[in-house]
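Trainee: Have a look at this one before I ask anything.
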Amino acid sequence: MGSVAELAAAALMMLGFPCLMLAALVPSVPAFAATAAVTYLADHYLHRKDSYLVNRLSKVRAGLSTRFLIRELLLVLLLARLDLGEDLIFYGAIACFIAFYGLQAPHGVLATLIENRRRMPVATRNVDLVSRIRIPDAPPRRLLSRAAEKMLHLDLAAVAGLLVSAATGRTLPGAIGIGVTLLLGAFYVLALLPHLRGRRIPPKADKVLGAVSGWLREYRPETVLYFSGSKDSAYQVNMWLETMEQLDTRPLILLREHVVMEKLLPTTVPVICVPGGVHLMNLDLSTVRVTLYAANVGKNIHMLRVPTMKHVFIGHGDSDKLASVNPFSKVYDEVWTAGRAGRDRYAIADVGVRDDDIVEVGRPQLAPIRTAQDAPADGRCPTVLYAPTWEGWDDNPGNTSILLAGENIVKKLVAADPPVRVLYKPHPFTGTRSAKAGAAHRRITALVEKAAAERAADPRFAGDAAAQAKAKAELARTAARLAQLTGPGSERGDEAEAARDGLVDLRKHEEVARLRAEWNDAYWRSFGTAEHRVVTGAEPRLYDCFNVSDAMVSDISSVVSDFIASGKPYAVTDSAGLGVEEFKRQNTAVRAAVILSNDADRLGELLDAVRDPAADPLAEDRGELKRYLLGPDEPTSIEQFNAAVADLALKAEARNAGQHSHAALDQAVPARTVPGQRVATAGETDGVAAAN
């Protein structure tokens with residue numbers, strides 16, 4: 001349901017209609033009016049929340065129009081039970097609702113036509129289309145945003161007027177309500193008509209695609225980041241945006257789903273979203289030499305079919321999970337890994353990826369992570385981050401520690417002596433598949449929040465109240481400015497208008513980046529350095545949590561590999577109970593970790609390493625593992641990445657030049673032809689004909 005409030009609203013709406021029938025049969029005008037108000041409000045709330053239930057009701061023939069019609073029919077029943085069946089207001093109500101529903105069809109047709117005609121075959125950002133095609137302003141959002149719901153709610157005037165007439169016995173209120181409903185409905189239909197005129201709709205698909213291809217010919221992109229996935233997987237492409245901005249070649253981001261485009265973070269790189277496979281094939285991508293793939297999905301085939309570019313799997317994380325050695329990876333020309341560990345994983349997995357096709361490029365995204373040497377030695381309470389991964393697609397106990405070990409880990413951390421601060425940042429997918437994982441997450445959250453409240457009341461941990469208040473004020477100001485720059489009010493009306501006005505404002509982009517940094521700094525200063533915290537949502541980011549932490553507890557995931565870049569102590573939970581030696585054998589990233597069982601009995605070893613870094617027995621092992629997993633510190637990862645792009649682009653050029661040479665030679669020597677099929681003899685031909 002999404003929330004307790006949504007569940008309550010759904011229950012009220014579902015129970016409201018039987019109550020409306022009872023009120024009509026009794027009959028009771030006050031009861032009917034009160035119940036009708038409840039159903040209206042509950043229905044409206046669920047639509048505003050885009051509730052799962054209200055979206056599924058149409059599948060069982062209880063959609064929006066049906067619910068409004070039932071309410072109106074029950075009102076007619078109420079009038080009949082009040083002995084108004086021979087009254088003019090009774091016939092007026094029937095005529096009103098018939099006419100009102102007669103207006104629904106043209107309204108729905110017009111709204112759908114406008115939306116369809118304004119739908120672009122591609123959506124873009126940072127692509128100049130204004131000089132090539134004319135894209136008119138979008139219709140006012142108030143006309144098309146939840147248009148069906150708004151149109152149906154116009155019956156409120158008639159329903160209210162008829163109820164007043166039923167209660168007072170006077171015809172005038174009902175007549176006024178009927179008139180208002182019908183006039184507003186007709187006005188709404190007429191208001192949509194002008195937006196179907198030719199000057200108010202964008203050009204057809206062929207012109208838009210031609211304009212985009214024209215822009216591509218001028219821009220001449222060389223390196224493409226290609227991505228397809230659900231809205232929940234948008235983080236997989238977002239993690240590569242800064243790397244794409246730092247490429248030495250001309251970059252382009254190519255998306256396949258609008259929901260991913262909506263979740264894409266701000267970037268200066270040109271972005272094209274092409275949902276249709278045929279439209280993608282018609283784009284001029286002849287200058288592209290390297291295409292990077294962040295995920296293994298079926299729609300990758302639409303780009304993999306192009307031979308003039310080289311195709312590279314870069315993934316969206318580096319871990320010992322099976323996803324890091326997917327057999328599908330052998331379809332790419334190369335597979336890029338962070339360090340030697342990735343190469344060895346493919347060799348051990350033996351899934352068909354050749355060692356010659358693997359290139360070590362480091363992890364450019366890890367540049368913001370500060371190392372242990374960079375951490376301030378200010379004598380503050382040490383911070384331990386607990387960042388479990390999600391439950392995965394199956395019930396393998398090794399997927400996440402949150403089910404079996406999470407509460408034990410947090411209980412020991414909040415009770416540690418000398419004390420430490422606990423940051424709990426769960427994976428954003430936690431609880432989306434497993435109800436048990438969701439329940440465990442809520443219990444852990446309650447543990448952290450309870451410990452935080454107890455610590456807040458302890459004078460030993462009192463912070464600088466004035467400094468925290470100042471930071472909170474700064475946080476609020478920064479958040480308000482960010483909302484002003486990036487909130488819904490700054491977005492355009494629809495995708496056509498967004499494509500037209502989607503050129504990045506560099507000054508705004510730089511201001512947003514600066515404000516995000518200021519917001520992050522103010523966030524950590526807004527509460528005490530010893531205060532436990534549950535950190536959810538997009539901000540602060542995981543890497544920001546890394547930078548304020550002195551150690552981490554996590555599971556087998558890319559989070560561990562990323563944290564290793566900091567050089568700080570870490571622990572990993574063996575939730576499947578493999579045993580220390582077997583766990584280390586199967587998972588490279590834990591070879592320099594404190595291995596925890598589900599009862600977290602060795603957690604003290606991690607805390608000892610945090611409190612006395614000089615006596616940390618795993619410090620040297622972490623340094624060696626960092627180089628093995630993530631590659632050398634020099635040259636920098638972005639330098640390695642750019643070198644790999646340049647090298648592969650040269651290979652693509654060499655391949656294309658070779659193909660041109662073959663084609664030229666074939667034209668010069670026509671005899672060099674590919675052998676054709678064997679020609680059937682006359683007897684064979686006759687036999688086939690006879691068989692048919």
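The values are calculated or read from the model by the stated rules, or taken from the named source; none is laboratory data. What you are looking at is a predicted structure, and each value in this text was computed from that prediction instead of being measured. FYI the Cβ positions are ideal-geometry reconstructions off the backbone, even for glycines, and counts take in every protein chain you see.
Trainee: Any idea how many residues of the range 530-559 are over 26 Å from Ala513 (Cβ atoms), out of contact with any strand residue (DSSP E or B) (no Cβ under 7 Å at 6 or more places or on another chain) and surrounded by fewer than 20 Cβ atoms within 10 Å (Cβ to Cβ)?
Mentor: Of the residues in the range 530-559, 0 are over 26 Å from Ala513 (Cβ atoms), out of contact with any strand residue (DSSP E or B) (no Cβ under 7 Å at 6 or more places or on another chain) and surrounded by fewer than 20 Cβ atoms within 10 Å (Cβ to Cβ).
Trainee: Residues that are under 30 Å from Arg170 (Cα atoms), basic (Lys, Arg) and modelled with pLDDT of 85 or more: does the range 109-128 have at least one?
Mentor: Applying the first criterion (under 30 Å from Arg170 (Cα atoms)) to the range 109-128 yields none.
No, there is no match, as no residue in the range 109-128 is under 30 Å from Arg170 (Cα atoms), basic (Lys, Arg) and modelled with pLDDT of 85 or more.
Trainee: While we're on this one: Could you go through the range 321-339 and let me know if any residue there is out of contact with any Asp or Glu (no Cβ under 9 Å at 6 or more places or on another chain), aliphatic (A, V, I, L, M) and buried (at least 22 other Cβ atoms within 10 Å of the Cβ).
Mentor: The answer is no, given that none of the residues of the range 321-339 is out of contact with any Asp or Glu (no Cβ under 9 Å at 6 or more places or on another chain), aliphatic (A, V, I, L, M) and buried (at least 22 other Cβ atoms within 10 Å of the Cβ).
Trainee: Sticking with this structure for a sec: Restricting attention to the range 115-132, which residues are touching a Lys or Arg at 6+ places or on another chain (Cβ under 8 Å) and buried (at least 19 other Cβ atoms within 10 Å of the Cβ)? Spell out how you get there, then give the answer.
Mentor: Quick first cut of the range 115-132, residues touching a Lys or Arg at 6+ places or on another chain (Cβ under 8 Å) only: 129-130.
Result: Leu129, single match.
Trainee: Based on what the data block shows, is Ile135 of a type in the set (A, V, I, L, M) and loosely packed, with under 13 Cβ neighbours inside 10 Å?
Mentor: Working: of a type in the set (A, V, I, L, M): yes; loosely packed, with under 13 Cβ neighbours inside 10 Å: no.
Taking the combined requirement at face value, the residue does not satisfy it.
Trainee: Search the range 560-603 for residues being among the hydroxyl-bearing types (Ser, Thr, Tyr) and more than 24 Å from Ala367 (Cβ to Cβ), and hand back the single one that is surrounded by the fewest Cβ atoms within 10 Å (Cβ to Cβ). Break it down into steps so the answer makes sense when it comes.
Mentor: At the first step, the residues of the range 560-603 found to be among the hydroxyl-bearing types (Ser, Thr, Tyr) are 561, 566, 570, 573, 575, 588, 597.
Those still in the list that are more than 24 Å from Ala367 (Cβ to Cβ) too: 573, 575, 597.
On the way: Thr573: 30, Ser575: 24, Ser597: 18.
Out of the qualifying residues, it is Ser597.
Trainee: Is it the case that Ala643 is hydrophobic (A, V, I, L, M, F, W, C) and modelled with pLDDT under 95?
Mentor: Numbers: hydrophobic (A, V, I, L, M, F, W, C): yes; modelled with pLDDT under 95: no.
Spelling it out, it is not the case that Ala643 is hydrophobic (A, V, I, L, M, F, W, C) and modelled with pLDDT under 95.
Trainee: Tally time: how many residues in the range 448-475 are surrounded by fewer than 13 Cβ atoms within 10 Å (Cβ to Cβ) and at pLDDT 90 or above?
Mentor: Adding up the residues that qualify gives 7.
Trainee: Among residues belonging to the range 210-248 that are over 15 Å from Ile314 (Cβ atoms) and in contact with a helix residue (DSSP H, G or I) (Cβ under 6 Å, 6 or more places away or on another chain), point out the one that is modelled with the lowest pLDDT.
Mentor: Lys231
Trainee: May I pose another question? Which residue pairs have Cβ atoms closer than 8 Å, lie 6 or more positions apart in sequence or on different chains, and pair a first residue in the range 245-270 that is assigned by TED's automatic domain parsing to the domain that holds Tyr293 with a second residue that is acidic (Asp, Glu) and modelled with pLDDT of 90 or more?
Mentor: Thr249/Glu222; Arg250/Glu222; Pro251/Glu222; Pro251/Glu245; Thr267/Glu245; Thr268/Glu245; Val269/Glu245
Trainee: Step by step: first the residues of the range 1-53, then only those that are over 24 Å from the mean Cα position of the chain (by Cα) and hydroxyl-bearing (Ser, Thr, Tyr), then the one that is surrounded by the fewest Cβ atoms within 10 Å (Cβ to Cβ). Which residue is that?
Mentor: Of everything passing the filter in the range 1-53, Ser28 is surrounded by the fewest Cβ atoms within 10 Å (Cβ to Cβ).
Trainee: Return the residue satisfying two criteria in turn: it lies in the range 398-448 and is basic (Lys, Arg) and part of a helix (DSSP H, G or I), and of such residues it is farthest from Val548 (Cα to Cα).
Mentor: So the residue we want is Lys436.
Trainee: With the structure loaded, tell me whether Phe429 is in contact (Cβ under 8 Å) with a residue 24 or more places away in the chain, outside the structural domain of Asp232 (by TED's automatic domain parsing), under 30 Å from Leu304 (Cα atoms) and among the hydrophobic types (A, V, I, L, M, F, W, C) or whether it fails that test. Working first, answer last.
Mentor: Details: in contact (Cβ under 8 Å) with a residue 24 or more places away in the chain: yes; outside the structural domain of Asp232 (by TED's automatic domain parsing): yes; under 30 Å from Leu304 (Cα atoms): yes; among the hydrophobic types (A, V, I, L, M, F, W, C): yes.
Here the answer is yes, as Phe429 does meet what is asked.
Trainee: State yes or no: is Ala589 modelled with pLDDT under 95 and in contact with an Asp or Glu (Cβ under 7 Å, 6 or more places away or on another chain)? Even if it seems obvious, please write down each step before you answer.
Mentor: On the way: modelled with pLDDT under 95: yes; in contact with an Asp or Glu (Cβ under 7 Å, 6 or more places away or on another chain): yes.
Answer is yes for this residue.
Trainee: Give the residue, chosen from Leu163, Leu196, that is over 24 Å from Val259 (Cβ atoms), assigned by TED's automatic domain parsing to the domain that holds Leu79, at pLDDT below 90 and of a type in the set (A, V, I, L, M). Steps first, answer last, please.
Mentor: Numbers: Leu163 fails: at pLDDT below 90.
Sole residue among the options that is over 24 Å from Val259 (Cβ atoms), assigned by TED's automatic domain parsing to the domain that holds Leu79, at pLDDT below 90 and of a type in the set (A, V, I, L, M): Leu196.
Trainee: Related question: Restricting to the range 1-33, and then to whatever is under 15 Å from Asn55 (Cα atoms) and not in a helix (DSSP H, G or I), can you tell me which residue is modelled with the highest pLDDT?
Mentor: Going through the qualifying residues, I end up with Gly2.
Trainee: Looking only at the range 341-362, count every residue that is under 24 Å from Val572 (Cα atoms) and modelled with pLDDT under 90 and tell me the total. Talk me through it step by step, then tell me what you get.
Mentor: Here is the first cut: in the range 341-362, the ones under 24 Å from Val572 (Cα atoms) are 341-346, 348-349, 362.
With the extra rule that they be modelled with pLDDT under 90, the set shrinks to 341-342, 344-346, 348-349.
The number of residues fulfilling the criteria is 7.
Trainee: Which condition from (1) within 24 Å of Ala522 (Cβ to Cβ); (2) at pLDDT below 95; (3) touching a strand residue (DSSP E or B) at 6+ places or on another chain (Cβ under 7 Å) is the one that Ser401 breaks?
Mentor: The failed condition is (1).
Trainee: Turning to a different aspect of this structure: Counting just the residues of the range 536-564 that are assigned to a loop (DSSP other than H, G, I, E, B) and either among the small types (Gly, Ala, Ser) or touching a helix residue (DSSP H, G or I) at 6+ places or on another chain (Cβ under 6 Å) (or both), which one comes out nearest to Gly339 (Cα to Cα)?
Mentor: First pass over the range 536-564, keeping only residues assigned to a loop (DSSP other than H, G, I, E, B): 536-541, 549-550, 555-557.
Add one more test, that the residue is either among the small types (Gly, Ala, Ser) or touching a helix residue (DSSP H, G or I) at 6+ places or on another chain (Cβ under 6 Å) (or both), and what stays is 537-538, 540, 549-550, 557.
Values: Gly537: 30, Ala538: 28, Pro540: 28, Ser549: 25, Asp550: 24, Ser557: 16 Å.
Top of the filtered list is Ser557.
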